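Structure, as structure tokens:
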Amino acid sequence: MDDDIRWVKTHCARMDHGGCALRVGVKNNEIVQVKGDPDGFLNQGYVCAKGLASPDRLTHPGRLKHPLIRKGNRGEGIWERISWDDALNEIAENLIRIKETHGAKSVGFGVGMPKGLDHFVLIRLANLFGSPNIIASQDVCHAPREITGIHTCGFYPVADFHHKSKLVVLWGSNITSTNEEGEICSLLLKQLRSGTELIVVDPRRIELEKQADKWLQIRPGTDHALALGLLNVIIEESLYDGGFVEQFTYGFEELRDHVKAYHPRKVSEITWIPESLIRETARHYARSKPAVIQWGNPIEHNIHSFEIARALVSLMAVCGNLDVPGGNVQALDPPIMGLGQFVRADLIPEKRKEMISASHGVIPRFMTIPPAFFRKAILYEDPYPMKGFYAMCCNPMMAWADSRQTYEAFMKLDFSAVADLFMTPTASLADVVLPAASHFEFDDIGHYGLGHGYILARPKVVDPPEECWPDIKIMNELGKRISSAEYWHDDYNRFIEDVLMPSGFDYCRFAEKGYLKGPDSFELHKEKGFRTPTGKVELKLSTAEKFNLSPLPEFKELPESDDADYPYILISTKSRYYLHSSYRWVGKLREKRPHPRVEIHPDTAAKNGITEGGEVVIETKTGRITQFACITDTLHPGVINADYGWWFPEGNAKTQYDWERANYNILTSTEKLGKEFGTPNLKGIGCRIRAK
């Protein structure tokens, strides 16, 4: 009976961006129903298909239930069950062996998308071990926007959907399909219903295009050209916010002269967007007060991500939409423990100098290692040897550019250990595999350290299987073995109380409230200026020469040069039913998207003899894969949109679950990298297609 169901309030989390408040029904330690919480701070009752299906991960028969150690050759899929003590001792002995032989920095600590305290416990683990090398995909996710914002205006300019905007610009953000890091679609949809105007900048005609005043169908990889073209019109027609520009920007005159080269006619040729639409969009954005740009993750997917982010922050600034309600804002945290204190940054003072990235000249304040540099260190010992890897909640074999290079690197490692819920292509190459608990199975805090100005309570809902441990517990116990035990807790839950202590809340009270939010403080620049060397928004970077950066955002070239042998432009988009490489084992979701599909315009399909549902070979200079045709007019005839993250859990561990067959990152390369973040071209790649 329903009367026997116990309802628990929590938030969505692991293997998802999280942020949606949930009401979870529990009976006999099993989740029987998930509903969106109408009182949710971000989602207001909304919940996506992944959230509804997420309990199926807990009871799936393929879930990892015991620690495993490799037997036989790496990648053969032969495992032996061992105890937790033996597993942790095995990992500790190998990491210490590598440290004693090559130094602590020869061990990398990898992280994907936990979005909880475990992310920062991993950094703490690395710091206490003595390694400066946290390996993460931030080069293509979050860091280009966050770090570029910090250099340009002193903070990460997030979209403020909690206050009314006159206009929202969705720039590479398909927010109703793939909600991103706290920018849940509910608040935007509520604004649209009340009259907020919408502009969409996207190579594909997304669902919200139907509600948009304008859709700019941009050529992939030319976002910075478009932003500079908009700046050209806004400045040429004196539509900018003169008061803000005069008082609070540095380098406006140089920017004004610089963008003269980006006449809308020229930008139209680069971006495929009509000149008239570029002019109309510039005027619309400049005259709308306040206007907000919700910039999505795709703008970080090519070697020019720094230039793109710089140009967009400049656009926000000259129109006076920074640090104002309903614009792009500086989100202030509630009173909680600072990240530096939590991860014990003080115990690794030379980290910046010792990181792998230090030899590659990445932008200052970028503190994780791009995967391309990590693999270079494994394969070529540049700038020094990398021999060990401990990873959680990540699947680099699918997620990192150039998957064959990833395979080669992981096969060469002296030792690797992976903690996860399921055996993935990456875990299948490890020496030790640890069974992790799901986010419904332990207490946690969400969105800590993400720069959105709030943290979310994730109370435990059910008990995990006996030998499935939360990542925080795993690392707490491993930390005692590879570093001084004084820095670790008897009970890993103490980490939660550490974070909350400055707020005056204990976890019980925090869970009852659901979230803690920092104060709404806008226009702080009027009192304190901006946290940059000049105290202003740096349209021209004052530190450009010091850090060997371009002083003004510029468009030099496409991500890849046009090549007649590869006449189409390849992009990828994430499915609403999966996140990166996760969830493909969940039956309810796999039924909705059973096969990897590639979107092709009808004219392009006809030209290449491709029919709906037919198998298609997609080929770049790097490799080839097969996916199934979805013929649609939602994209330009010159653009091909392939599915990302595909592997086949129903396959065989001995072949790493057919990791090559449909894997988008077989088609990508690390040959060209952006200097600032080590970002490869994940999109805007030349390709060709044919029916199989």
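Filter Lys588/Lys692; Lys65/Lys412; Lys71/Lys412 down to the pairs with a C-alpha to C-alpha distance above 19 Å, please.
Details: Lys588/Lys692 29 Å; Lys65/Lys412 27 Å; Lys71/Lys412 17 Å.
Correct reply: Lys588/Lys692; Lys65/Lys412.
Give me Lys50, Lys27, Lys353 sorted ascending by neighbouring Cβ count inside 10 Å, so fewest comes first.
Values: Lys50 25, Lys27 14, Lys353 9.
Ranked by crowding around the Cβ, least crowded first: Lys353, Lys27, Lys50.
Could you please report the charge total around Thr543, scoring K, R as +1 and D, E as -1 over all other residues with beta-carbon less than 14 angstrom from its beta-carbon? Walk me through the intermediate numbers first.
Details: positive: Arg310, Arg365, Arg531, Lys536, Lys540, Lys546; negative: Glu538, Glu545, Glu676.
Local net charge: +3.
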- Note on the structure: Assertion target for Ile5, Ile482, ordered by fewest C-beta neighbours within 10 angstrom first, is Ile5, Ile482
- Task: Give the cross-link partners of Lys536 among the lysines, using a straight C-alpha distance below 24 Å as the criterion and excluding same-chain residues fewer than 8 apart.
- Result: Lys260, Lys289, Lys526, Lys528, Lys546
- For labels at Asp382 and Asp565 in the simple 7 Å Cα→Cβ model, what's the distance in nm? 2.4 nm
- Select from Ser54, Val617, Pro559 the residue farthest towards the positive end of the dipole of the chain; place +1 on Cβ of Lys and Arg, -1 on Cβ of Asp and Glu, and compute about the Cα centre. Val617
- Query: Using a basic spin-label model with each label point 7 Å from the Cα along Cα→Cβ, how many nm lie between Arg509 and Gln247?
  - Reply: 3.9 nm
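Work through the residues other than Ala21 whose Cβ is under 12 Å from its Cβ and net out their charges, Lys, Arg +1 and Asp, Glu -1. Intermediate values should be presented prior to the final figure.
Values: positive: Lys9, Arg23, Lys35, Arg458, Lys513; negative: Asp37, Asp39.
Charge balance in the 12 Å sphere: +3.
Have a look at the DSSP beta bridges in the chain and tell me what percent are antiparallel, nearest 5. Numbers along the way, then the final one.
Numbers: 45 of 88 bridges.
Bridges in the chain that DSSP calls antiparallel: roughly 50 percent.
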- Return, ordered by residue number, the residues of the range 199-227 whose backbone nitrogen is under 17 Å from a label point located 7 Å along Cα→Cβ of Glu275. 226
- Task: Counting other beta carbons within 10 Å of each Cβ, put Leu216, Leu339, Leu231 in order, fewest first.
- Result: Leu339, Leu216, Leu231
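Do the alpha carbons of any pairs in Lys376/Lys672; Lys115/Lys460; Lys574/Lys654 sit beyond 20 Å of each other, and which pairs? Could you put the intermediate results ahead of the total?
Numbers: Lys376/Lys672 13 Å; Lys115/Lys460 16 Å; Lys574/Lys654 27 Å.
Going by Cα-Cα distance, Lys574/Lys654 fall outside the 20 Å limit.
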- Using only C-alpha atoms and all pairs of different ones, pull out the Kirkwood radius for the range 412-464 in Å with one decimal. 13.3 Å
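At a threshold of 8 angstrom on Cα-Cα distance, excluding pairs fewer than six apart, so keeping six or more, what relative contact order does the chain reach in percent? All intermediate terms of the calculation are to be shown ahead of the outcome.
Values: 1531 pairs, mean separation 135.6, N = 692.
Relative contact order of the chain: 20 percent.
Rounding to the nearest 20 debye, state how big the charge dipole of the chain is about its Cα centre with +1 on each Lys and Arg Cβ and -1 on each Asp and Glu Cβ. Intermediate values should be presented prior to the final figure.
Details: 83 positive and 91 negative charges, 132 e Å.
With Lys and Arg at +1 and Asp and Glu at -1, about 640 debye.
Can you give the local net charge around Ser288? Use residues other than it whose beta-carbon is closer than 9 angstrom to its beta-carbon, Lys and Arg +1, Asp and Glu -1.
On the way: positive: Lys166, Arg287, Lys289; negative: Glu197.
That works out to +2.
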- Message: Between 0 and 90 degrees, rounded to the nearest ten: what's the tilt of helix 84-102 against the longest Cα principal axis of the chain?
- Response: 60 degrees
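Give the Kirkwood hydrodynamic radius (Å, one decimal) of the chain, defined as one over the mean of 1/r across all pairs of different Cα atoms. List each step's numbers first, then the result.
Values: mean 1/r = 0.0388 Å⁻¹.
Over the chain, the inverse of the mean reciprocal pair distance is 25.8 Å.
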- Along its principal axes, what span do the Cα atoms of the range 361-496 show, with the longest given first and each in whole Å? 44, 36, 31
- Convex hull over the Cα atoms of the range 568-691, averaged projected area in nm²? 8.2 nm²
- Query: Taking the Cα-to-Cβ direction at Ile78 and at Thr101 and moving 7 Å from each Cα, how far apart do the two end points lie in nm?
  - Reply: 2.2 nm
- Note on the structure: With Cα coordinates, the longest principal axis of the chain makes an angle with the long axis of helix 403-412, in degrees rounded to 10, of 30 degrees
- For the range 568-691, give the magnitude of the charge dipole about the Cα centre (Cβ charges: +1 Lys/Arg, -1 Asp/Glu; no others), in debye to the nearest 20. 240 debye
- Would you work out which of Asn28, Leu167, Met355 lies farthest towards the positive end of the dipole of the chain, given +1 charges on the beta-carbon of Lys and Arg and -1 on that of Asp and Glu, about the Cα centre? Leu167
- Query: When the helix-only estimate is applied to the chain (DSSP H runs of n ≥ 4, each -39,500 (n - 2.57), divided by the residue count), what is the mean residue ellipticity at 222 nm, nearest 500 deg cm²/dmol?
  - Reply: -8000 deg cm²/dmol
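No lab work stands behind these numbers, since they all come straight from the coordinates. In this text the structure is predicted, and so the values were computed from the model without any measurement. Note that we place each Cβ from the backbone using ideal geometry, even for glycine, and neighbour counts take in every protein chain shown.
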